[in-house]
1. One residue is enough: does the stretch 14-27 have a residue meeting the conditions open to solvent by 10 Å² or more (accessible area, probe 1.4 Å), over 25 Å from ALA126 (Cβ atoms) and assigned to a strand (DSSP E or B)?
2. Could you tell me how many of the residues in the stretch 18-55 are over 14 Å from ALA66 (Cα atoms), hydrophobic (A, V, I, L, M, F, W, C) and under 13 Å from the mean Cα position of the chain (by Cα)?
3. Scanning the stretch 102-125 for residues that are open to solvent by 30 Å² or more (accessible area, probe 1.4 Å) and under 14 Å from the mean Cα position of the chain (by Cα), which turns out farthest from ASP42 (Cα to Cα)?
4. It is to be established whether one or more residues within the stretch 68-81 are more than 19 Å from LEU18 (Cα to Cα), surrounded by 15 or more Cβ atoms within 10 Å (Cβ to Cβ) and small (Gly, Ala, Ser).
5. Just a yes or no: is a residue in the stretch 122-137 within 24 Å of LEU34 (Cβ to Cβ) and out of contact with any helix residue (DSSP H, G or I) (no Cβ under 6 Å at 6 or more places or on another chain)?
6. How many residues are open to solvent by 50 Å² or more (accessible area, probe 1.4 Å) and either among the hydrophobic types (A, V, I, L, M, F, W, C) or more than 20 Å from PRO58 (Cβ to Cβ) (or both) if we restrict to the stretch 82-101?
7. Name the residues in the stretch 126-144 that are free of Cβ contacts under 8 Å to residues at least 12 places away in the same chain and loosely packed, with under 13 Cβ neighbours inside 10 Å, would you?
8. Looking at (1) open to solvent by 60 Å² or more (accessible area, probe 1.4 Å); (2) farther than 25 Å from VAL145 by Cα; (3) touching a residue at least 12 places away in the same chain (Cβ under 8 Å), which is the only condition ASP39 fails?
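The values are calculated or read from the model by the stated rules, or taken from the named source; none is laboratory data. Since the structure is predicted, the reported quantities are computational estimates derived from the model, not experimental observations. For neighbour counting, all protein chains shown are included, and Cβ atoms are generated from backbone atoms with ideal geometry for every residue, glycine included. Quick note on the areas: whole protein, heavy atoms, side chains included, nothing else; ligands and nucleic acids left out. Shrake-Rupley method; radii C 1.70, N 1.55, O 1.52, S 1.80 Å.
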Amino acid sequence: MGLLEGELKAGQRALADLGTEDVWQAFLRFGRRLFDVSDAPDGDGLLFQYGTYSFDGPPTFTVDLARQFEVADADGEYDHYVQVHCELRYGSGRALEALGSFDSWFFHGAGADLEAWAGELIEMPAWTAIRTLTPIEIRVSQEQV
């Protein structure tokens, strides 16, 4: 979690001052870092997802940028995943709700190209709608799943 927070603060600005594009670029810098993880194809993944959710209050359009790491036990077998999340919350409104929901995974061990994945995402109409917005809240968290 600390590495993602470091990327978010790289421009010496407070989280509250970051726009969507700033956070996306920080997330990609974090995503380009390679770690010593399981050799499993899904041992190190990035997730881009969005939708309108009401997890802990009124419905809010949320973009969740997550990185998932597989954690192995002493024998090298799967034990659990750790996910580092950066949630961008925008409030609600018909235009945001009309974007629906979406999710897309990228896995370093699957042979795909991170830059191509990121390029496809920013070509989506939903990205055009949100890229210039300033989130009303940015949350960074870590969880075991």
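1. Scanning the stretch 14-27, I find no residue that is open to solvent by 10 Å² or more (accessible area, probe 1.4 Å), over 25 Å from ALA126 (Cβ atoms) and assigned to a strand (DSSP E or B), so the answer is no.
2. The total comes to 0.
3. Only one residue tops the list, namely ILE122.
4. Yes, the stretch 68-81 has at least one match.
5. Yes.
6. Number satisfying all stated conditions: 2.
7. Across the stretch 126-144, the qualifying residue is only THR128.
8. (2)
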